[in-house]
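**Q** I have a structure I would like to understand better, so I am pasting it below and will then ask my questions one at a time.
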Amino acid sequence: MADEALFLLLHNEMVSGVYKSAEQGEVENGRCITKLENMGFRVGQGLIERFTKDTARFKDELDIMKFICKDFWTTVFKKQIDNLRTNHQGIYVLQDNKFRLLTQMSAGKQYLEHASKYLAFTCGLIRGGLSNLGIKSIVTAEVSSMPACKFQLMR
Amino acid sequence: MSRPAHRRPAYHKINKDLFVLTYGALVAQLCKDYEKDEDVNQYLDKMGYGIGTRLVEDFLARSCVGRCHSYSEITDIIAQVAFKMYLGITPSVTCNNSSRNEFSLILDKNPLVEFVEELPAGRSSLCYCNLLCGIIRGALEMVHLAADVTFLQDRLRGDSVTEIGITFLKKREEKKYRRKK
């Protein structure tokens with residue numbers, strides 16, 4: 001099923017819709033990222049429930065992070081996280097060198113200032129998935145050069 | 001008790017869930033933002049229009065359908081190829097009038113409402129799947145066909161089936177363009 005295109009387009013429309021209603025003064029600018037993140041949170045919760053229905057119990061936090069980087073990311077974005085770093089004290093950095101939602105946008109520094117809008121939903125997705133696996137966290141994202149991006153997770 | 005070690009879940013099903021859940025979260029957010037059902041419906045239709053104008057390119061690239069010669073052919077392609085490709089269902093097509101420009105797609109299975117039990121209280125005229133109407137309308141407009149697409153019946157609102165009505169607006173030009181040999 002060619003639903004990758006469908007999800008990509010829906011996601012882009014959501015971002016532009018949220019920001020358009022912000023322009024019309026209905027909502028402050030800072031709220032837009034929060035709205036997108038909250039939507040991602042709810043989706044992440046639901047998704048992880050369906051996904052881990054039949055998987056074995058996770059041994060520890062690192063196991064959960066590896067699951068997110070490998071299986072979860074592969075299912076949602078058709079590839080694995082390229083690099084996972086941690087300081088073993090609750091901070092994880094997930095690096096994706098070719099983030100699926102940004103590849104169509106640019107391949108360098110163009111549109112860098114808009115990248116954060118398109119990452120908010122995914123931050124929420126990760127946060128929601130982890131929350132239903134029992135990990136409360138704060139997820140932020142940064143982009144230095146499209147389409148590579150880093151998701152920073154803080155417990 | 002032995003359990004198959006880490007059975008791989010069906011990936012394409014999870015992918016479909018991603019879209020369905022995202023759509024649900026979107027509608028829930030819209031219901032929070034807008035009080036009137038018409039506003040939500042209109043917003044969904046506009047969003048669908050934006051998606052449809054882009055989706056049609058993806059569709060044409062993937063499906064390689066040939067040129068259509070009649071409205072009923074177009075509606076058949078929408079039902080049997082496009083819906084199958086993106087949502088995995090094949091709605092049935094009926095023609096509603098003798099001038100053959102009004103058609104209905106009857107969906108007996110709608111994957112978008114898989115996780116919806118019922119419409120929230122006070123939202124009885126919400127067209128939950130209005131995005132689909134916008135998508136079809138946008139896609140048709142990109143191939144130079146103006147159409148009116150609405151939900152004629154909706155299972156979530158108490159009707160027996162879910163029916164999307166497509167009304168093609170302008171008459172197609174009679175002159176056929178000859179391809180240069």
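The values are calculated or read from the model by the stated rules, or taken from the named source; none is laboratory data. Every value quoted in this text rests on a predicted model; they were computed, and no experiment measured them. Positions of Cβ are backbone-derived with ideal geometry, glycine not excepted, and every protein chain shown enters the neighbour counts. What goes into the accessible areas is simple: the full protein's heavy atoms, side chains included, and nothing from ligands, DNA or RNA. Shrake-Rupley method; radii C 1.70, N 1.55, O 1.52, S 1.80 Å.
**Q** Is segment B:66-79 home to any residue that is among the hydroxyl-bearing types (Ser, Thr, Tyr) and touching a helix residue (DSSP H, G or I) at 6+ places or on another chain (Cβ under 8 Å)?
**A** Among the residues of segment B:66-79, not one is among the hydroxyl-bearing types (Ser, Thr, Tyr) and touching a helix residue (DSSP H, G or I) at 6+ places or on another chain (Cβ under 8 Å), which makes the answer no.
**Q** Kindly evaluate A:Ala107 against the criterion of being open to solvent by 10 Å² or more (accessible area, probe 1.4 Å), touching a residue at least 24 places away in the same chain (Cβ under 8 Å) and part of a strand (DSSP E or B).
**A** Answer is no for this residue.
**Q** Of the numbered conditions (1) of a type in the set (Val, Ile, Thr); (2) surrounded by 21 or more Cβ atoms within 10 Å (Cβ to Cβ); (3) more than 9 Å from chain A (Cβ to nearest Cβ), B:Ile51 fails exactly one; give the number of that condition.
**A** Here B:Ile51 clears every test but (3).
**Q** Would you pick out the residues in segment B:114-139 that are aliphatic (A, V, I, L, M), surrounded by 20 or more Cβ atoms within 10 Å (Cβ to Cβ) and under 18 Å from B:Ile89 (Cβ atoms)?
**A** Matches in segment B:114-139: B:Leu131, B:Leu132, B:Ile135, B:Ile136, B:Ala139.
**Q** Within segment A:50-82, how many residues are open to solvent by less than 60 Å² (accessible area, probe 1.4 Å) and of a type outside the set (A, V, I, L, M, F, W, C)?
**A** 8
**Q** Within segment A:141-151, identify whether any single residue is part of a loop (DSSP other than H, G, I, E, B) and surrounded by 19 or more Cβ atoms within 10 Å (Cβ to Cβ), and answer yes or no. Write out each step before concluding.
**A** We begin by selecting, within segment A:141-151, every residue part of a loop (DSSP other than H, G, I, E, B); these are A:146-147.
Cutting the leftovers down to surrounded by 19 or more Cβ atoms within 10 Å (Cβ to Cβ) gives us A:146-147.
Checked segment A:141-151: at least one residue is part of a loop (DSSP other than H, G, I, E, B) and surrounded by 19 or more Cβ atoms within 10 Å (Cβ to Cβ).
**Q** Tell me, please, whether a residue that is open to solvent by less than 60 Å² (accessible area, probe 1.4 Å), more than 30 Å from A:Arg50 (Cα to Cα) and in contact (Cβ under 8 Å) with a residue 24 or more places away in the chain can be found in segment B:89-103.
**A** The answer is yes, given that some residue of segment B:89-103 is open to solvent by less than 60 Å² (accessible area, probe 1.4 Å), more than 30 Å from A:Arg50 (Cα to Cα) and in contact (Cβ under 8 Å) with a residue 24 or more places away in the chain.
**Q** Mind listing whichever residues of segment A:92-105 are polar (S, T, N, Q) and closer than 19 Å to B:Asp58 by Cα? Walk me through how you get there before you give the answer.
**A** Applying the first criterion (polar (S, T, N, Q)) to segment A:92-105 yields A:95, A:97, A:103-104.
Those that are polar (S, T, N, Q) and closer than 19 Å to B:Asp58 by Cα: A:Thr103, A:Gln104.
**Q** While we're looking at this one, here's another question. Looking at segment B:33-43, can you tell me whether even one residue there is open to solvent by less than 20 Å² (accessible area, probe 1.4 Å), in contact (Cβ under 8 Å) with a residue 60 or more places away in the chain and touching a strand residue (DSSP E or B) at 6+ places or on another chain (Cβ under 9 Å)?
**A** There is no residue in segment B:33-43 that is open to solvent by less than 20 Å² (accessible area, probe 1.4 Å), in contact (Cβ under 8 Å) with a residue 60 or more places away in the chain and touching a strand residue (DSSP E or B) at 6+ places or on another chain (Cβ under 9 Å).
Residues are listed down the side, and each one gets a yes or a no for (1) within 7 Å of chain B (Cβ to nearest Cβ); (2) modelled with pLDDT of 90 or more; (3) more than 17 Å from B:Lys16 (Cα to Cα):
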residue: A:Ser16; (1), (2), (3): no, yes, yes
residue: A:Glu23; (1), (2), (3): no, no, yes
residue: A:Asn29; (1), (2), (3): no, no, yes
residue: A:Phe51; (1), (2), (3): yes, no, no
residue: A:Met65; (1), (2), (3): no, yes, yes
residue: A:Cys69; (1), (2), (3): no, yes, yes
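**Q** Hey, which of the helices (runs of 4 or more DSSP H) in segment A:23-78, taking only ones fully inside, have at least 1 residues that are touching a Lys or Arg at 6+ places or on another chain (Cβ under 7 Å)?
**A** It comes to A:29-51, A:73-77.
**Q** On to the next question. Go through segment A:85-104 and give me each residue that's open to solvent by less than 50 Å² (accessible area, probe 1.4 Å) and under 20 Å from A:Tyr19 (Cα atoms).
**A** Of everything in segment A:85-104, those that are open to solvent by less than 50 Å² (accessible area, probe 1.4 Å) and under 20 Å from A:Tyr19 (Cα atoms) turn out to be A:Leu101, A:Leu102.
**Q** I would also like to ask the following. Taking the conditions exactly as written (more than 26 Å from B:Tyr86 (Cβ to Cβ), modelled with pLDDT of 90 or more and open to solvent by 20 Å² or more (accessible area, probe 1.4 Å)), does A:Asn12 satisfy them or not?
**A** No: the conditions fail for A:Asn12.
**Q** In segment B:12-32, what residues are within 7 Å of chain A (Cβ to nearest Cβ) and open to solvent by 40 Å² or more (accessible area, probe 1.4 Å)?
**A** Passing the criteria: B:His12, B:Lys16.
**Q** Evaluate segment A:110-130: report whether one residue or more is of a type in the set (Val, Ile, Thr), in contact (Cβ under 8 Å) with a residue 60 or more places away in the chain and surrounded by 17 or more Cβ atoms within 10 Å (Cβ to Cβ). Give the derivation first.
**A** Taking segment A:110-130 first, the residues of a type in the set (Val, Ile, Thr) are A:122, A:126.
Cutting the leftovers down to in contact (Cβ under 8 Å) with a residue 60 or more places away in the chain gives us A:122, A:126.
In the following step, the residues that additionally are surrounded by 17 or more Cβ atoms within 10 Å (Cβ to Cβ) were identified as A:122, A:126.
Yes: one or more hits.
**Q** Moving on. Taking segment A:87-124, which residues are in contact with a strand residue (DSSP E or B) (Cβ under 9 Å, 6 or more places away or on another chain) and of a type in the set (Val, Ile, Thr)?
**A** A:Ile91, A:Val93, A:Thr122
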